Structure formats: structure tokens, C-alpha cells
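Below is one structure, written out as C-alpha cells, with a few remarks after it.
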Amino acid sequence: DSGVTQTPKHLITATGQRVTLRCSPRSGDLSVYWYQQSLDQGLQFLIQYYNGEERAKGNILERFSAQQFPDLHSELNLSSLELGDSALYFCASSPLAGGQPSTDTQYFGPGTRLTVL
Amino acid sequence: AQSVAQPEDQVNVAEGNPLTVKCTYSVSGNPYLFWYVQYPNRGLQFLLKYITGDNLVKGSYGFEAEFNKSQTSFHLKKPSALVSDSALYFCAVRRNSGNTPLVFGKGTRLSVIA
């Protein structure tokens with residue numbers, strides 16, 4: 001158990017809908033990362049938040065957005081869903097130890113499996 | 001730009017035999033390298049990382065990896081494979097400066113046969 005929690009575990013919805021995925025980082029970790037894992041694209045970095053502020057952006061669609069709250073939990077919002085958005089969405093957290101984020105180990109949650117019908 | 005190649009989609013090995021999962025990387029400057037393992041219906045678990053120092057890095061569950069700068073490789077190894085090692089293995093790289101994202105390889109599925 002990594003200490004990172006994600007809810008819900010499974011989500012089934014229809015095209016055009018909007019969903020929210022939730023992540024609670026490990027206790028004390030300030031950084032939260034979101035990833036999308038699909039069969040054809042592998043594991044893709046979406047976005048990173050550090051202590052409430054957006055820190056880095058990857059291949060995140062404009063239909064997707066995220067935020068990190070004062071209690072450090074994070075939410076990933078996916079809107080106008082398409083069939084191709086079906087994937088596993090992972091959240092990871094890291095402490096940003098020693099002011100050197102590059103050396104940080106990221107710890108992953110169990111993921112949310114999104115199915116868009 | 002950073003990239004990782006895991007040239008084998010699938011590796012099969014007999015239980016008790018040594019295993020190697022290959023990884024090569026491309027990054028400007030010096031790399032930080034990571035290995036993760038993913039069991040079915042689970043998140044990724046951290047195995048080990050190379051930051052600096054000794055090229056041979058030891059990690060969890062008896063795994064180790066060797067950093068080879070000239071060959072830009074970071075192969076994962078274990079002297080004696082277990083059936084329970086069967087999983088999906090991911091190599092990842094990031095540049096050693098700034099807050100650059102981790103870039104993952106496509107993954108290699110390891111199957112250890114009893």
C-alpha cells in the first residue's frame with residue numbers, strides 16, 4: 001500500500017458527460033501528479049500540482065482540468081467525455097524532498113478505471 | 001526531449017533463472033532513472049532509482065539495475081526469478097535539473113514460468 005488513495009475505483013459513464021476523479025496523497029507529500037494509462041498510449045503524464053499550484057503540464061486535453069486543494073487532495077475533472085478517454089487514471093504523490101524535485105520518488109495510487117460508453 | 005525505450009513487449013523466463021528487462025533512454029544532460037512494477041489491477045510500485053554514484057543500484061524484492069552511461073541503458077536484473085515476479089515493468093527517466101516530468105517507457109510484461 002503506497003499511502004495514496006483514489007476514488008472511485010471504477011467509473012462507467014456515457015459520452016458527453018463530465019466526471020471527477022479524486023486523489024489523496026501520502027501524508028506530508030506536497031506534490032500530486034496525474035497520469036493516464038491506455039493500451040495504445042502507455043502511461044502519459046497529464047499534470048502536476050505542488051502545494052496548490054500548477055507546476056507542470058503534460059499531454060492534458062483542454063477538456064480536462066485539475067486542482068489541488070488546501071488539504072492537498074486533488075481532483076481531476078474530465079468533461080465532454082469521448083470513447084477514447086476510457087483508460088486507467090493514476091494519481092501519484094511525492095514529497096519534493098530537499099528542494100530537488102528531480103530526485104523525488106513518486107508513489108502511485110491504485111487508479112480509477114474510467115469506461116466511457 | 002526525454003524518451004525511454006523498452007525494446008521487448010514480453011519477456012519469458014523459467015523460475016529460478018536470471019532475468020533481464022531492458023531499458024534505454026535519451027535525455028539531455030544526466031539522467032535520473034527509475035523502475036516501477038505494476039501487478040494486475042494495481043498501481044505502479046517503486047522498485048529502485050539511479051540518481052548518482054554507484055552504477056549498480058539495488059532495490060526491492062531482490063531486483064537491481066545497472067546504469068551504463070556509454071550505452072544509455074538501465075537494464076533491470078534479478079539473479080533468480082520467482083513466479084510472483086510476473087508483472088508489467090516500467091522504466092522511467094527524467095532530466096537531472098529542473099522540475100521535468102517523469103517519462104515512462106511502454107512497459108515490458110514479464111512472465112515467469114514454473
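When region A:38-54 is limited to residues that are buried (at least 17 other Cβ atoms within 10 Å of the Cβ) and farther than 23 Å from B:Cys91 by Cβ, the one that is farthest from the other protein chains (Cβ to nearest Cβ) turns out to be A:Tyr49.
Table: residues versus (1) part of a strand (DSSP E or B); (2) aliphatic (A, V, I, L, M).
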residue	(1), (2)
A:Arg22	yes, no
A:Ser27	no, no
A:Ile60	no, yes
A:Ala66	yes, yes
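Taking region B:70-114 as the region of interest, the strands (runs of 3 or more DSSP E) fully inside it that hold 1 or more residues being within 30 Å of A:Leu96 (Cβ to Cβ) and away from every other protein chain (no Cβ under 14 Å) are B:73-78. Checked against (1) among the hydroxyl-bearing types (Ser, Thr, Tyr); (2) under 21 Å from B:Pro40 (Cα atoms); (3) within 11 Å of chain B (Cβ to nearest Cβ), A:Ser86 passes all but a single condition, namely (3). Please tell me if A:Pro110 is more than 10 Å from chain B (Cβ to nearest Cβ) and surrounded by fewer than 21 Cβ atoms within 10 Å (Cβ to Cβ). No. Does at least one position in region A:14-37 carry a residue that is at the interface with chain B (Cβ under 9 Å from one of its Cβ atoms), within 29 Å of B:Asp9 (Cα to Cα) and open to solvent by 20 Å² or more (accessible area, probe 1.4 Å)? Checked region A:14-37: at least one residue is at the interface with chain B (Cβ under 9 Å from one of its Cβ atoms), within 29 Å of B:Asp9 (Cα to Cα) and open to solvent by 20 Å² or more (accessible area, probe 1.4 Å).
What residue, among those in region A:1-20 that are aliphatic (A, V, I, L, M) and outside any strand (DSSP E or B), is nearest to A:Ser94 (Cα to Cα)?
Only one residue fits best here, namely A:Val4.
Residue by residue, here is whether (1) within 14 Å of chain A (Cβ to nearest Cβ); (2) in contact with a Leu (Cβ under 7 Å, 6 or more places away or on another chain); (3) open to solvent by less than 50 Å² (accessible area, probe 1.4 Å) holds:
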{"residue": "B:Asn30", "(1), (2), (3)": "yes, no, no"}
{"residue": "B:Asn41", "(1), (2), (3)": "yes, no, no"}
{"residue": "B:Lys49", "(1), (2), (3)": "yes, yes, no"}
{"residue": "B:Asp54", "(1), (2), (3)": "no, no, no"}
{"residue": "B:Phe63", "(1), (2), (3)": "no, yes, yes"}
{"residue": "B:Glu66", "(1), (2), (3)": "no, yes, no"}
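The values are calculated or read from the model by the stated rules, or taken from the named source; none is laboratory data. Note that the coordinates shown come from a computational prediction; the quantities given were computed from them, not determined experimentally. Neighbour counts run over all protein chains shown; Cβ positions are idealised from the backbone, glycine included. SASA here: full protein model, heavy atoms, side chains in, ligands and nucleic acids out. Shrake-Rupley method; radii C 1.70, N 1.55, O 1.52, S 1.80 Å.
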